[in-house]
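Single-structure report; data block below.
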Amino acid sequence: MGRRAFVVLFVLFCISLMIGSGFYMYLNSFQPVGAGQDGIDEHTDPVSSNKNERINVLVLGVDAGVIGLDESRNRRRTDTIFVVSFDPNTKDVKLLSIPRDTRVYIDGYGFDKLNAANVYGGVELVIKAVKELLEIPIHYYVKVDYKGFRQMVDDLGGVEIYVERPMHYDDNAQNLHIHLEKGLQLLDGEKAEQFVRFRKYPNGDIGRIQAQQKFLKALAKKVLNPMTIFKIPRVAKTLTTYVETNMDPGEIVKYANVLRQIKPEDIEMAVLPGIDRYINGISYYLVDINKTQELVDKYFRNIDPSNLGLNIEVLNGSGISGAASKAANRLKSYGFNVRKIGNADSFNYETTRIIYSEGKLEKAKEIASIIEGTELIEQNPDNLDTDIIVIIGKDYN
């Protein structure tokens, strides 16, 4: 968990830099290395035309893996996992951290810690596990090499911050050695890493979070300094070296332009609710399902109260495994009450159909805008208890 802090700060800093200092001039060198890779496009969700959709970005910070192992075979664990969700219209931003030891079902491997998914199947398997855990769409991912944080701070010429107490901690296993004295200091990359990774506070994680937020504010102050513009070429090179994403340059500029209007203090942050428990001698973080549902509703779903009263069924008429679940999760992210997910009467539906009961035409059209490509919308003459039935056809992507 130690690296989570500075990776979060690093990613938020990258976003700030891209929009605050003319970074777009250098985007030609920043290519979306994830897009088009086997498995990545299959598991990320396209952004729909629905204007109420929140954009969800999965951010991963990877560890160093096995020291000395050839990089082509070095599958690193994700020490840092969090989802940034923002509404482009309201400029509302939420950040949910997911503990790396969270016990999840990993497709093809059974129950394991979430940070092992990247080892088993790369980014695409992490995306799949997180989507199933939270039941939300994931539109983009960003993977960060933690070494970039140190280099980025050095590129900026350091960050000034007041260290409120002496910090001393040694962990030979992680090659982590923290030695900071009290007082106002200009922290270089190595010292900055020590500051955000220190965890020996009297109030535990609360103290660490407060320190992280303090550093973020100091970092933002540095980024917004007009003199930072002269350091962009060097910073841009570092960014392109340590960040991997499926966002293309145009999307980066588009969403960065939204995020630049957000004040850091207005970003809501939370940790996935749960508890630590041992299972067969292994320590896991077990998710509190009820509290997680409440948090996901608050963070990732722009809920329209009128959607909650609807009874909706999503049925697989295509025969494609997981098609109905994928569509249902997309509807849930808008606050729709999906009462049933199952199979249709056959798998021979070529086109996705939406069948609505009397008075539900407008909601049927709204659902059609979320499940893009739907052309067949028809009224159910029998007026069954189910308000809307969605039958997924072979045309559903």
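The values are calculated or read from the model by the stated rules, or taken from the named source; none is laboratory data. Here the structure is a predicted model, which is why all the values come from computation and not from measurement. Note that we place each Cβ from the backbone using ideal geometry, even for glycine, and neighbour counts take in every protein chain shown.
Exactly one condition in (1) surrounded by 16 or more Cβ atoms within 10 Å (Cβ to Cβ); (2) over 25 Å from Phe111 (Cα atoms); (3) among the hydroxyl-bearing types (Ser, Thr, Tyr) is not met by Tyr141; state its number.
(2)
Which residue pairs have Cβ atoms closer than 6 Å, lie 6 or more positions apart in sequence or on different chains, and pair a first residue in the stretch 265-285 that is surrounded by 11 or more Cβ atoms within 10 Å (Cβ to Cβ) with a second residue that is β-branched (Val, Ile, Thr)?
Partner pairs satisfying both residue conditions: Ile267/Val93; Leu272/Ile98; Pro273/Thr292; Gly274/Val287; Tyr285/Thr102.
Just the residues that are in a helix (DSSP H, G or I) and surrounded by 12 or more Cβ atoms within 10 Å (Cβ to Cβ), please, taken from the stretch 166-176.
Gln174
Just checking, which of Leu114, Leu134 is free of Cβ contacts under 8 Å to residues at least 60 places away in the same chain and surrounded by 22 or more Cβ atoms within 10 Å (Cβ to Cβ)?
The match here is Leu114.
Report whether or not Leu95 is of a type in the set (A, V, I, L, M) and modelled with pLDDT of 90 or more.
no
Answer yes or no: is there a residue in the stretch 177-195 that is within 29 Å of Phe86 (Cβ to Cβ), surrounded by 13 or more Cβ atoms within 10 Å (Cβ to Cβ), free of Cβ contacts under 8 Å to residues at least 40 places away in the same chain and not aliphatic (A, V, I, L, M).
The answer is yes, given that some residue of the stretch 177-195 is within 29 Å of Phe86 (Cβ to Cβ), surrounded by 13 or more Cβ atoms within 10 Å (Cβ to Cβ), free of Cβ contacts under 8 Å to residues at least 40 places away in the same chain and not aliphatic (A, V, I, L, M).
Collect the residues in the stretch 286-301 that are in contact (Cβ under 8 Å) with a residue 60 or more places away in the chain and of a type outside the set (D, E, K, R), keeping them in residue-number order.
Correct list: Leu286, Val287, Thr292, Leu295, Val296, Tyr299, Phe300.
Conditions (1) in contact with a Leu (Cβ under 9 Å, 6 or more places away or on another chain); (2) modelled with pLDDT of 80 or more, marked per residue:
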position	(1), (2)
Ile178	no, yes
Lys191	yes, yes
Ile206	no, no
Ala211	no, no
Thr241	no, no
Asn257	no, no
Gln261	no, no
Ile267	yes, no
Asp276	yes, yes
